[in-house]
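The values are calculated or read from the model by the stated rules, or taken from the named source; none is laboratory data. Values in this document were obtained by computation on a predicted structure and should not be read as measured data. Here Cβ is always computed from backbone atoms with ideal geometry, including for glycine, and neighbour counts include all displayed protein chains.
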Amino acid sequence: MANQYEFTPEDLQEIEDIKSKFPEVMPATLPTLWVAQRRFGHVEPDVQELVANTLGLPFSHVHGVATFYTQYYKEKKGKYVLDVCTTTSCQLCGGYDMLHYLEKKLGIKKGETTDDGLFSIQSVECLGACGYAPMMQITNDIYVNNLTEEKLDEVIKSLKAGKMPEFESVGMPQHTERS
Amino acid sequence: MPELFIDGIRYEYEGSPKLLQFILDNGKEVPFFCYHPSMSAPANCRQCYVKVGMPVKDRETGEYELDENGERVIRWFPKMQTSCSLDITDGMVVHTQETSEEVARAQKDTMELILINHPLDCPICDQAGECPLQIQTYKYGPEGSRFEVKKVHKPKRVELGPRVTLDAERCINCTRCVRFTEEISETFQLTIASRGDKNYPITAPGKPFDDPYSVNTVDICPVGALTSTDFRFKARVWEMNQTPSIDITGGKGTNVDLWTRDNLVLRITPRYNAEVNDHWMPDAGREAYQRFNEKRISRPSIKIDGDNQVKTSWNNAIETFAETLEGNKPSDVVVIGSPHASVEENYSVMKFFSTWGVNNFHFAPHIEKGFGDDFLLTDDQAPNTNGVKALGIDESSDLNAAIKSAKVVVILSDELIDRGAIDASSLKGKYTVLLATNESQTSAAADLVIPVTCIAEHAASYVNVDGRVQRSFPAKETKYSNRKLNLEMSEGRLDRHGTYFDNWVTEENKIDCIPAWEVVSKLASRMGLDIAFDNSREIFEEVSSSVPLFKGINYERMDEENGVQLTGNSKEEVTA
C-alpha cells in the first residue's frame, strides 16, 4: 500500500540538516517527528512509517518514540488542541471547571474533536505553570493563563477568527511591588 | 590476581566480568528479570540490587586504610547498585540479600512495585511453573500487596504474529523481547509503546511479528506476557518431562529439549550450547514435534493386490524382506542411505548389506538453496548429511539413474518422492522396501514399509553442517521400550505415577516400531549372517573404531562436551 503522506523537498532538506547535527541517525527521530507533525498536523502510523523510511530507522522504533510522548498526536486532531491542565494546582483553582465549561461550550468531551475540525480538548498533566492556575496550552504552543469563563469565551472567539492569543507575560510574586 | 569479597567470602576474578554474571557463575543467586547473558544489560527491572563498597586507600602510600581491628575500611556506594551492569573492580566488597537485611528489603520493595499491576492469574497462565517472576516472588517477594486500587488494564490475547500471543497486562517491561529482535535476530520488529504504567511491547502498527526466530522471545520472557500460540493451554510444565535432543529440521544441529507427556512430544525448546546455537532456535524447528506424534507408521505394512497396503506382522515383514533379498542377487539391490537418519542407522544398514554383498550405496543430500541465513537456518534440510558422507556412502545427485538397473530398492528413512529426489515412476517394476517413521507419498509407493524409531524414540548421533557430532536421547516410549527400564529415558511425574488403568496413560501414543538396527539384526539372524546390534551405543563404538573421522569419540564424550567436533571435517566439505 502506497503511503498517502509525503515530505516536500523543503521538509527533506530540513531533515537532512537535522541529521547532520548528530553523529548517528537515531537522535534525529524526535525533531523529524516534529517536522512531520508540523506538515501533517499529526503523526498517525502512516506518518510514523514515512519518518522511519525517510530516516532509515525501524518502523517499530519510531512508533515507540511517538507513543512515548503525549505531545505527538497519534491521531488526527483539530486545528487547535486545547490542553487544559488538571493537575494539583490547576485542579484546586478550578481546572476541571474550565475543562467542563469548554466541553459544554464546544459540545465535545475531552479527547474528542469538533465536527468542523477546529478544536480538540485534552485534559493534561502539569505544564509547569502552577503560578497562573488554572491554565491551558494551545497546540503545544501558547499558554493561556488565569483562566475564567469569560477569558475562554474570548479565546475561542479569537481562535475561530484564526487569531492565536498573544503571549502573556505574568509576573512572578517576587516581581510584584512589595508594599 | 584481583580479588573481591561477596558475602564475606573472597573470590578471585579475571578479565572484567559483570558482577551479576560473576555471582551466578559462582553458584550464588541474586534475583533478576531483565538481564540475559547473551544480550546487553539495560538494568531496567532494578531487581538485582546489591550493596557494594570499595576499600579506602591512602592516596600517598597506596595502602589500604585499616580500622582499629585491622580490617579494611570500606566506603559504601551511597545507593544500591544493579549488579547486572556493574563492573567488578579490585577489592570490591559486595553484600547480597543473603547477608544484608537492607538488600533483601530493597529487592522486596522492587518486587512489590513490579507486581503492582501484574494480574494474579497464575492458575491459568502458561508460564506458571517456569516463571521467574513467580519463583522469585516466592523466594524474595512481599507476602501481599499494599495496593488495593484497581490495576491498570492493557490489551490481552493480542496476536503479535503467527506464533506469538501477547498478554500486555502480565508484562513487566524488562525489554528482553525487544532486545532480542534488535540484538539477536536483528529484525527490529518489537518496541515498547506508550509510557509509564501503560507501556507494553508491541510491533509497529499493522506489522506482524513474523520473525523466523520469534518464539525465542517466549522462552526468554520472564513472565507469561509472551506465550507460544501453538502451545498455549496445552499442558502444565510440571506434567511434562524434558529430554535433551537435536533439531532434525535443519543442518545446524540446534540443541533442543523435547517436552513429553503421556508419550506425546508437546513442544520443543532450545537447549543452551555455546558452540552451536547459544540459547536460541529457529521457529521452524519447533514445529517438528508434530512429526513425532502424528501420521506415524505403526506396525509394518505390505502391498498386496495392486496398490493396496495392509498391516502385517513383524514376522511376516522380516520374512518377506528376507525372501525378496534371497530371490535376487546382491548386485540387483540398491541401498539408499539417508541424511535424515542417524549415523547408527545408516551404519547398521550399510554394514548388513555390504556383508551380504551389496556395493551399491547412495544417498541424496536434502538441500534447499536460499533457505539458510547466517544464523541457525541452513540450506541443508537434513540433520546428518555430513554423518552419511563420513560413513562413505556415495552422494548422488540423480537417484533415478542410480536405481535404474536395480530390481530391489531399499530406502532408509527418507521421503525421497515427497522432496522430489526420486520419481514415483522410477520405482515401478522394482520391489521397494522402506524403513520409515512417517506416512508420506514415499511410504505409499513402497511395497514393504517397516516402521522405525524417530529421533524422539532412540539414542543416536547426528553430524551437523559444521562437522559436530551430537546425540539424542529417547524421549517417547515405543511399544517395545519401557521408561522405567531404560535408564537413558527421563521420567516425569505422570510417567512415574501413571498406570495403565488411569487416564494419564494412553497406550495408543506408543508407536509399534523398532530401531533400524534391530530390523537389521532380525534380518541378519533370519538370513544367517553374523550381525547383531544390541544398542546404538555399541554401534557408535564400532563406528568410531572403524571410521577414522569418528576416532576417539563415544557417547560419554558427546554427553560431557555437549557434542564433539569431528577432526578433518573442513567448512568446505560442509557446504558441498
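Some points to look at:
- Number of positions in region B:328-341 that are in contact with a Lys or Arg (Cβ under 8 Å, 6 or more places away or on another chain) and in a loop (DSSP other than H, G, I, E, B): 1
- Restricting attention to region B:407-439 and to residues that are crowded, with 20+ Cβ neighbours inside 10 Å and of a type in the set (S, T, N, Q), the residue that is nearest to B:I336 (Cα to Cα) turns out to be B:S413.
- Looking across region B:303-320, the residues that are surrounded by 17 or more Cβ atoms within 10 Å (Cβ to Cβ) and either more than 36 Å from the chain's Cα centre (by Cα) or not assigned by TED's automatic domain parsing to the domain that holds B:E395 (or both) come down to B:K303, B:T320.
- Scope region B:491-532; condition among the small types (G, A, S), assigned to a helix (DSSP H, G or I) and over 24 Å from B:R291 (Cβ atoms); matching residues: B:S521, B:A524, B:S525
- Complete set of residues in region B:321-338 that are small (G, A, S) and surrounded by 12 or more Cβ atoms within 10 Å (Cβ to Cβ): B:A322, B:S331, B:G337, B:S338
- B:T187 assigned to a loop (DSSP other than H, G, I, E, B), without any contact (Cβ under 8 Å) to a residue 40 or more places away in the chain and within 14 Å of chain A (Cβ to nearest Cβ): yes
- A Cβ distance below 6 Å, combined with a sequence gap of six or more or placement on separate chains, defines the contacts here; from region B:434-453, residues that are in contact (Cβ under 8 Å) with a residue 60 or more places away in the chain reach residues that are part of a helix (DSSP H, G or I) in the pairs B:L435/B:A516; B:A436/B:S443; B:N438/B:R291; B:L448/B:T320; B:V449/B:S443; B:I450/B:A317; B:I450/B:V519; B:V452/B:A516.
- For first residues located in region B:37-64 and more than 28 Å from B:A104 (Cβ to Cβ), partners that are not charged (D, E, K, R) and lie 6+ apart or on another chain with Cβ distances below 6 Å form the pairs B:S38/B:H279; B:K57/B:Y64; B:Y64/B:P55.
- Identity of the residue in region B:190-211, charged (D, E, K, R), touching a helix residue (DSSP H, G or I) at 6+ places or on another chain (Cβ under 8 Å) and touching a residue at least 12 places away in the same chain (Cβ under 8 Å), that ends up farthest from the other protein chains (Cβ to nearest Cβ): B:D211
- Screening region B:463-490 for residues that are under 21 Å from B:P451 (Cβ atoms) and of a type in the set (S, T, N, Q) and picking the one that is surrounded by the fewest Cβ atoms within 10 Å (Cβ to Cβ) gives B:N482.
- Output for region A:81-111, where each listed residue is farther than 15 Å from A:T148 by Cα and surrounded by fewer than 16 Cβ atoms within 10 Å (Cβ to Cβ): A:T88, A:G107, A:K109, A:G111
- Residue match in region B:208-229 (condition: surrounded by fewer than 21 Cβ atoms within 10 Å (Cβ to Cβ) and more than 25 Å from the chain's Cα centre (by Cα)): yes
- B:F292 passes every criterion in (1) within 29 Å of B:T499 (Cβ to Cβ); (2) in a strand (DSSP E or B); (3) touching a residue at least 60 places away in the same chain (Cβ under 8 Å) apart from (2).
- Residues in region B:505-537 that are exposed (fewer than 15 other Cβ atoms within 10 Å of the Cβ) and under 29 Å from the mean Cα position of the chain (by Cα) were compared, and the one that is nearest to B:G327 (Cα to Cα) is B:D534.
- Spans of helices (runs of 4 or more DSSP H) in region A:17-83 with at least 2 residues within 12 Å of another protein chain (Cβ to nearest Cβ) and more than 29 Å from A:I108 (Cβ to Cβ): A:45-55, A:59-68
- Residues (modelled with pLDDT under 95 and not in a loop (DSSP other than H, G, I, E, B)) located in region B:5-44: none
- Looking at B:S298, B:S214, just one residue is assigned to a loop (DSSP other than H, G, I, E, B), in contact (Cβ under 8 Å) with a residue 24 or more places away in the chain, within 14 Å of chain A (Cβ to nearest Cβ) and hydroxyl-bearing (S, T, Y), and that residue is B:S214.
- The condition of being over 16 Å from the mean Cα position of the chain (by Cα) and small (G, A, S) holds for only one of A:G95, A:G111, A:G128, that being A:G95.
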